[in-house]
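Asks: There's a structure below that I have some questions on.
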Amino acid sequence: MEKKKVKSKVIIILITSLIAIIIVSMTVGKELYEGKSQSIFSFGLIHFSGYLFFLLMPVEMAFIYYLSYSKEAELIAVALGTAISAQIIDYLIGYSVSTKFINNIVGEKRIGRAEKYIKKYGNLTIFVFNLLPLSSPVIALVAGMLKYKFRDVLIYSICGLIIKYAVLSLLFANTSLF
């Protein structure tokens, strides 16, 4: 039984890694190869994908990278829209899919930790995980599993994300790190 569980975990990791590689290759990689400037569409696709609980990607780094290719306000708007859209999907999956299935994908330990934080700190957990580069998609997923108030998840996620991207924009706009 344990071998079967490890095998399914490896398969899930390989599939999600493959999806992430394809997304990056079809956006940033393709634009670099063709000598084109990075588009807001490619940022949106990468950012949306990074906020899905099963495709955790360093979206903050993508935001910083794309700052030199886009208008700040436009980039923040796309970041907020894609992050919230993906977190709504994460929440709805958590709300409607069985705990056993989610535990197999994300891991029981990770789900347990997120559940502990939400039960102990509530809205503060949602806010802080969205404010900092932490695993906020997993928090949204677990909030759905706990049937946490959707309105609260949405409000505190938006507040954390607005502050995060405003600060990143202030710190890294007009700098060429890449």
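Asks: Which ranges mark the helices (runs of 4 or more DSSP H) fully within the range 64-131 that have 3 or more residues being of a type in the set (D, E, K, R) and at pLDDT below 90? Don't jump to the end; show me each part of the working.
Replies: On the way: elements: 72-96, 99-106, 108-121, 123-131.
Because the criterion is at least 3 residues that are of a type in the set (D, E, K, R) and at pLDDT below 90, the helices (runs of 4 or more DSSP H) in the range 64-131 that meet it are 108-121.
Asks: Which ones in the range 50-105 are in contact (Cβ under 8 Å) with a residue 40 or more places away in the chain and surrounded by fewer than 15 Cβ atoms within 10 Å (Cβ to Cβ)?
Replies: P58, L92, S96, T99, N104
Asks: Quick check on I139: is it under 15 Å from the mean Cα position of the chain (by Cα) and either closer than 23 Å to A62 by Cβ or touching a residue at least 60 places away in the same chain (Cβ under 8 Å) (or both)? Spell out how you get there, then give the answer.
Replies: Working: under 15 Å from the mean Cα position of the chain (by Cα): yes; either closer than 23 Å to A62 by Cβ or touching a residue at least 60 places away in the same chain (Cβ under 8 Å) (or both): yes.
Taking the combined requirement at face value, the residue satisfies it.
Asks: Do we find a residue being over 28 Å from L14 (Cα atoms), out of contact with any Cys (no Cβ under 8 Å at 6 or more places or on another chain) and modelled with pLDDT under 95 anywhere in the range 134-146?
Replies: As a first pass, look at the range 134-146 and keep what is over 28 Å from L14 (Cα atoms): 146.
Subsequent filtering for residues that are out of contact with any Cys (no Cβ under 8 Å at 6 or more places or on another chain) retains 146.
Still in the list and also modelled with pLDDT under 95: 146.
Yes.
Asks: Ok, one more. Within the range 132-178, work out how many residues are among the aliphatic types (A, V, I, L, M), in contact with a Gly (Cβ under 9 Å, 6 or more places away or on another chain) and outside any helix (DSSP H, G or I).
Replies: The total comes to 2.
Asks: Related question: Return only the number of the condition from (1) in contact with a Leu (Cβ under 6 Å, 6 or more places away or on another chain); (2) farther than 17 Å from A86 by Cα; (3) not acidic (D, E) that A166 does not satisfy.
Replies: All conditions are met except number (1).
Asks: Could you figure out which of (1) outside any helix (DSSP H, G or I); (2) at pLDDT 85 or above; (3) not hydroxyl-bearing (S, T, Y) isn't true of L55?
Replies: (2)
The values are calculated or read from the model by the stated rules, or taken from the named source; none is laboratory data. Please read all numbers here as calculations on a predicted model, not as lab measurements. In this analysis, Cβ positions are derived from the backbone assuming ideal geometry, glycine residues included, and neighbour counts consider all displayed protein chains.
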